1. Any idea what Rg and Dmax come out to for region 112-229 if you just take the C-alpha atoms, in Å?
2. For region 133-173, which trypsin sites (Lys or Arg not before Pro) are both in a DSSP coil and crowded by at most 13 other Cβ atoms within 10 Å?
3. For region 1-87, run through the trypsin sites (Lys or Arg not before Pro) and keep only the ones in DSSP coil with at most 12 other Cβ atoms within 10 Å of their Cβ.
4. Magnitude of the Cβ-charge dipole of the chain, K/R +1 and D/E -1, about the Cα centre, nearest 20 debye?
5. Using only the Cα atoms of region 1-144, what do you get for the radius of gyration and for Dmax, in Å?
6. Lys/Arg Cβ at +1, Asp/Glu Cβ at -1, dipole of the chain taken about the Cα centre: which of V222, A91, S237 is farthest positive-ward?
7. Compute from the Cα atoms of region 85-158 the Rg and the Dmax, the latter being the longest Cα-Cα distance, and quote both in angstrom.
8. Once the convex hull of the C-alpha atoms of the chain is built, how many Å³ does it hold per residue, rounded to a whole number?
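Quick note: the coordinates plus some simple rules give every number you see, no bench work behind them. Since we're looking at a predicted model, the values are computed, not measured. Every residue, glycine as well, gets a Cβ built from its backbone with ideal geometry; the counts of neighbours run over all protein chains shown.
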Amino acid sequence: MTVHFIGAGPGAADLITVRGRDTLANSPVCLYAGSLVPRELLEQCPPEARLVDTARMTLDGIVDEMLAAHRRGQDVARLHSGDPAVFSAVAEQMRRLDAHGVDYEIVPGVPAFSAAAAALNRELTVPGVGQTVLLTRIAARATPMPEGEELETLGGSGATMVLHLAVNRIEELVERLVPNYGSECPVAVVAGASRDDEIVLRGTLSDISDQVRQAGIERTAVIVVGEVLTAGEFPDSHLYSVNRCRE
């Protein structure tokens with residue numbers, strides 16, 4: 001018996017990987033985050049599969065479902081939105097499974113920030129403009145940020161910053177980023193990336209708060225901050241340069 005932590009992707013049902021889809025189709029139990037995972041994906045489950053929406057469950061309740069399946073000898077598909085590597089809360093689930101001697105694996109998925117970049121038609125690592133991407137969030141009702149990972153500290157590099165779980169505190173975010181990035185730094189907000197109701201906002205730190213409020217965006221959004229969003233003049237990558245040795 002194995003628990004398969006599957007990245008369901010950012011929202012569009014067809015952005016799950018082939019491995020994730022096939023694993024889902026062969027798991028008699030599926031635990032899914034109902035508030036984020038597209039319902040269409042559940043159609044990939046076996047007809048008699050046990051489907052459990054974990055949106056309102058505690059960690060203990062979720063792990064209990066996994067352990068019950070373990071006792072029955074049934075594989076579990078644990079569907080998480082995006083990619084399990086980032087802001088997925090799989091670490092504490094795996095820690096508990098380790099304590100019970102339950103096997104598990106991770107099946108990667110398309111992360112939300114990749115879907116946001118696709119919606120914006122932008123590369124987040126542009127030669128001569130930005131080669132570093134910081135994935136972070138702010139501490140609100142979630143776990144406090146570790147020392148040294150405050151926005152003021154991270155922003156000191158001027159690197160492209162991608163923020164999750166922060167759009168409902170956009171005014172605070174702007175106030176904390178302006179000292180490092182400047183009020184005219186390009187910003188984009190992508191809500192529901194890859195979904196039918198996707199919303200894309202483009203602006204600067206000086207006007208993005210108003211745009212977010214006018215659009216009524218309060219959750220499920222990625223915020224991208226950095227000059228790469230509007231870069232037009234930059235050197236070509238060395239990757240395809242005529243001067244690059246290809247022997």
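1. 13.1, 38
2. R141
3. Counting only loop positions with at most 12 other Cβ atoms within 10 Å, the trypsin sites (Lys or Arg not before Pro) in region 1-87 are R56.
4. Rounded to the nearest 20 debye, it is 440 debye.
5. Radius of gyration, then largest Cα-Cα span, for region 1-144: 16.3, 56 Å.
6. Going by the Cα projections, it comes out as A91.
7. Reported Rg and Dmax, both Å: 16.5, 49.
8. Dividing the Cα hull volume of the chain by its residues yields 165 Å³.
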